[in-house]
Amino acid sequence: MFKLALRNIFRQKIHTLMTLAAIISGVAGIILAGGWVHDIYTQLGEALIHSQSGHLQVYRQGYFAAGSRSPEKYLIDAPDTIRQQIAGETGVAQVMARLNFSGLINNGKSDLPIIGEGMQPDLESALGSSIRIVAGRQLADKDSFGILLGKGVAQALQLQPGDPVTLLVNTLDGALNSLDFEVTGIFQSFSNDYDARAIRIPLAAAQELLGTSGVNALVVSLQHTEETGAIAARLKQVLASSGMEVKTWVELNDFYEKTVEMYKGQFGVLQIIILVMVLLSVANSVNMSIFERAGEFGTMMALGNRSSHVFWLIVSENCLLGLIGGSLGVGVGILLALIISAIGVPMPPPPNADLGYTAHIEIVPSVLLLALNTGFIATVLASILPARYVSRIPVVEALRQNI
């Protein structure tokens, strides 16, 4: 039957080409839409990792839940020992310490509340590839009292690189402390809210301000983002006896999960729309082909073929069309994805951001399989009702179509 179905496909060239065009368009459309959505996931995730959170962060047990209220209770007092344990894990690129604080920044005329990070400048520069320096330069280890300002902070206080500022914070004992800094640079991340309040200073200066030698967090950068889950699980086992907790970048950025859920819903609706379009387009082509061949099917039944044989012949033809069209659609989709990715698609800034980005089309195996199945299933479904109808036409009435 499949041999006969294959011969019929090549015999009905016009209808076959029309049906294949509909299938290929739908399959390629799903591949492009799915690849674009996955690229959004990837670029957003990498922006979060390489601007703020790193791949993993390690804290004292309980800091993530209550550390903002009582940070002095959750300091890591001996970070070097734990850092060496983490750095020894396979897949870890680097480990850096951070000390978080809040306070006021003063430009000599007015104050502004800020959230600050004491960090290791050279290591953070390597991690922060998604942070753009819009004025001045990146902070370096040699800048003992240099300070990086978020774009919003600099605009609010009208500060430029080279300007002096004063930080006023509460030490961990509750006393007030202040230090003078010189603005080294102004940075811009993907988040306007973060840039409106964030400043960064060297770790040693932050420890002097707060009167401590400890740190709040160890930020871990990995060689490959896809290994985050596996390495986090290993570190939880290794550090459990030290009273540490490990958080992944996904756990630290609930905004990411909400965005992914939103785009999954949108892609689901888009997938249904494409499925309906393919179904209707293929159904139109299949109906035209089948009803124009009613006389042929009548002749087959007059020669002794049962109506069930005609039904399964039509379904078999469309199974082959769905398989061929789906395979060609996957090939066309991959080719278009490669061409579009090579060119790049400029995208406007996402919500709460000023930085645009260049979109690409990722080739995702799960999306390829989904597109192939969608094209195949839509073609088969489109053939069932016409095949059932034609196979039940009385033989005499079907034969009249030959006249």
message: Quick check on region 97-201: what are the equivalent-ellipsoid semi-axes from the Cα gyration tensor, as sqrt(5λ), descending, whole Å?
response: 19, 16, 13
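Taking only Cα atoms of region 1-108, what ratio of Rg to Rh do you get with Rh as the Kirkwood inverse-distance radius? Intermediate results must be reported in sequence, preceding the final value.
Values: Rg = 28.6 Å, Rh = 20.3 Å.
Over the Cα atoms of region 1-108, Rg/Rh equals 1.41.
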message: Applying a 10 Å radius around every beta-carbon, put 35-45, 99-109 in order of their mean neighbour count, most first.
response: 35-45, 99-109
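Let me check I've understood the local charge: for Gln223, count other residues with C-beta under 15 angstrom from its C-beta, Lys and Arg +1, Asp and Glu -1. What total comes out?
On the way: positive: Arg234; negative: Glu46, Glu89, Glu226, Glu227.
Spelling it out: positives minus negatives among the neighbours equals -3.
What does the charge add up to near Glu89, with Lys and Arg as +1, Asp and Glu as -1, over the other residues with Cβ less than 14 Å from its Cβ?
Details: positive: Arg83, Arg234, Lys236; negative: Glu227.
Summing Lys/Arg as +1 and Asp/Glu as -1 gives +2.
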- prompt: Which distance in nm do the two modelled labels at Ala342 and Leu303 give, with both placed 7 Å along the Cα-to-Cβ direction?
  reply: 4.9
query: Taking one equal scatterer on every alpha-carbon of region 179-271, how large is log10 of I(q)/I(0) by Debye at q = 0.22 1/Å?
result: -1.22
query: Going by the alpha-carbon gyration tensor, a ≥ b ≥ c the square roots of its eigenvalues, is region 215-265 rounded (a/c under 1.5) or, if a/c is not under 1.5, prolate (a/b greater than b/c) versus oblate?
result: prolate
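I need to check one value: relative contact order of the chain, counting alpha carbon pairs closer than 8 Å and at least 6 residues apart, in percent. Could you put the intermediate results ahead of the total?
On the way: 717 pairs, mean separation 108.3, N = 403.
Relative contact order for the chain comes out at 27 percent.
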- prompt: For region 262-349, what class follows from the C-alpha gyration tensor (a ≥ b ≥ c being the square roots of its eigenvalues): rounded when a/c is under 1.5, otherwise prolate if a/b is larger than b/c, else oblate?
  reply: prolate
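Tell me, what is the per residue accessible area of region 70-227 in Å², probe radius 1.4 Å? Kindly include the intermediate steps, with their values, before the conclusion.
Numbers: 6920 Å² over 158 residues.
Result: 44 Å² per residue.
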- line: Yeah, region 110-269 with a ≥ b ≥ c from its alpha-carbon gyration tensor (a/c under 1.5 is rounded, else prolate when a/b outruns b/c, oblate otherwise) is oblate
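In region 106-258, what percentage of the DSSP-assigned beta bridges are antiparallel, given to the nearest 5? Numbers along the way, then the final one.
Working: 15 of 25 bridges.
Once the DSSP bridges in region 106-258 are tallied, antiparallel ones form about 60 percent.
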- prompt: Which option, (i) 1.46; (ii) 1.00; (iii) 0.96, is the value of Cα Rg over 2.2 N^0.38 Å that was calculated from these coordinates?
  reply: (i)
Surface/4 estimate of mean projected area, convex hull on alpha-carbon atoms of region 190-330, nm²: 16.8
query: What ranking, highest mean first, results for peptides 239-245, 331-337 when packing means the other Cβ atoms within 10 Å averaged over each residue?
result: 331-337, 239-245
message: What translational diffusion coefficient, to the nearest whole µm²/s, does region 254-296 have by Stokes-Einstein, given a Kirkwood radius computed over alpha-carbon pairs, a temperature of 10 °C and 1.306 mPa s viscosity?
response: 123
query: Amide H to amide H under 5 Å from Ser102: which residues, 5+ apart in sequence or cross-chain, H placed 1.01 Å off N in plane?
result: Gly116
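Counting only complete DSSP H runs, which helices of the chain cover 24 Å or more along their long axis at the Cα atoms and score a mean Kyte-Doolittle of 0.0 or above?
Working: long enough: 13-48 (52 Å, 1.04); 254-292 (57 Å, 0.82); 307-343 (53 Å, 1.77); 365-391 (39 Å, 1.40).
Qualifying helices, which must be both long enough and hydrophobic enough, are 13-48, 254-292, 307-343, 365-391.
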Rounded percent of accessible protein surface that carbon and sulfur make up, region 165-257, 1.4 Å probe: 47
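The values are calculated or read from the model by the stated rules, or taken from the named source; none is laboratory data. The model shown is predicted, which means the values in this text are computed figures rather than measured ones. FYI the Cβ positions are ideal-geometry reconstructions off the backbone, even for glycines, and counts take in every protein chain you see. Remember, those area values only see protein heavy atoms, side chains included, never the ligands or the DNA or RNA. Shrake-Rupley method; radii C 1.70, N 1.55, O 1.52, S 1.80 Å.
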